[in-house]
1. Would you call Ala68 in a helix (DSSP H, G or I), out of contact with any Gly (no Cβ under 6 Å at 6 or more places or on another chain), of a type outside the set (Lys, Arg) and without any contact (Cβ under 8 Å) to a residue 24 or more places away in the chain?
2. Restricting attention to the range 140-167, report how many residues are in contact with a Lys or Arg (Cβ under 8 Å, 6 or more places away or on another chain) and free of Cβ contacts under 8 Å to residues at least 40 places away in the same chain.
3. Being under 19 Å from the mean Cα position of the chain (by Cα) and either farther than 18 Å from Leu110 by Cβ or modelled with pLDDT under 80 (or both): is that true of Gly141 here?
4. Condition (residue is in a helix (DSSP H, G or I), surrounded by 15 or more Cβ atoms within 10 Å (Cβ to Cβ), in contact with a Leu (Cβ under 7 Å, 6 or more places away or on another chain) and of a type in the set (A, V, I, L, M, F, W, C)) applied to the range 133-152: is it met by at least one residue?
5. Only one of (1) of a type outside the set (Val, Ile, Thr); (2) under 26 Å from Gln162 (Cα atoms); (3) in contact with a strand residue (DSSP E or B) (Cβ under 7 Å, 6 or more places away or on another chain) is not met by Gly25, so which one is it?
6. Run Asp93 past the list (1) of a type in the set (Asp, Glu); (2) more than 14 Å from the chain's Cα centre (by Cα); (3) within 22 Å of Arg15 (Cα to Cα) and report the number of the one that doesn't hold.
7. Return the only residue of Ile144, Ile150 being outside the structural domain of Lys84 (by TED's automatic domain parsing) and closer than 22 Å to Phe72 by Cβ.
8. Within the range 11-55, how many residues are in a strand (DSSP E or B) and closer than 24 Å to Ser88 by Cα?
Amino acid sequence: MIYTLEGILSHRDDRFLVVKTGGIGFKVFTNERTLAHLPQEGDEMILFCHLYVREDQLDLYGFSEEGALKLFEFLISVSGVGPKTALSVLDVDTVEHVMAAIINKQIEVLSRASGIGKKTAERIALELNNRIALPKAEAMGRVISANIEIEDALAGLGYGRQEIRKAIGDIGPEAKTLEDRLRQALKILGKH
């Protein structure tokens with residue numbers, strides 16, 4: 001019903017944002033990754049949206065990229081996975097890396113999401129791995145495993161998981177080995 005929403009960012013919270021358009025403020029639930037990449041309040045923005053309709057619930061979920069919306073819709077189609085759980089899966093890593101984890105059945109990656117246990121992660125991988133297509137998924141699976149090791153090592157040094165994930169996302173493509181990626185992540189974190 002609602003696919004995109006374009007307007008002014010008028011408010012942000014830790015679980016949602018408000019987009020004002022045509023004199024109406026739309027409350028849109030989203031994930032941490034989308035919240036981290038929002039423009040300043042008062043700036044124009046566009047979201048790709050899903051209207052979640054239940055008997056006693058009518059909520060709007062939105063994402064800054066279309067791929068995140070599509071993955072969100074795949075995730076909520078899995079039995080036992082609701083919108084909040086799907087949002088936490090989207091925060092595990094980039095959309096492409098989460099898709100690769102599903103295709104490669106990397107249960108340990110999916111179960112890092114809040115509210116996802118091993119059985120739910122296995123159900124997600126089982127139900128979605130044939131429905132999602134992603135070139136180079138196997139190579140991405142190795143990158144995901146390296147990112148998990150980097151995240152755990154940096155968390156052990158006292159860095160917050162959200163700032164670690166942002167730093168990992170900023171690592172350049174020239175960093176191929178685990179050591180190079182860790183070194184570059186430390187440099188990025190040192191600049192903040």
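1. No; evaluated as a whole, the condition is false for this residue.
2. Residues that pass the stated criteria total 4.
3. In short, yes.
4. Yes.
5. Only one criterion in (1) of a type outside the set (Val, Ile, Thr); (2) under 26 Å from Gln162 (Cα atoms); (3) in contact with a strand residue (DSSP E or B) (Cβ under 7 Å, 6 or more places away or on another chain) is unmet by Gly25, namely (2).
6. Among (1) of a type in the set (Asp, Glu); (2) more than 14 Å from the chain's Cα centre (by Cα); (3) within 22 Å of Arg15 (Cα to Cα), the lone unmet condition for Asp93 is (2).
7. Among Ile144, Ile150, only Ile144 is outside the structural domain of Lys84 (by TED's automatic domain parsing) and closer than 22 Å to Phe72 by Cβ.
8. Total satisfying the criteria: 20.
The values are calculated or read from the model by the stated rules, or taken from the named source; none is laboratory data. Owing to the predicted nature of the structure, the values given are computational and were not obtained by experimental measurement. Glycine gets a Cβ as well: all are built from the backbone with ideal geometry, and neighbour counts include every protein chain shown.
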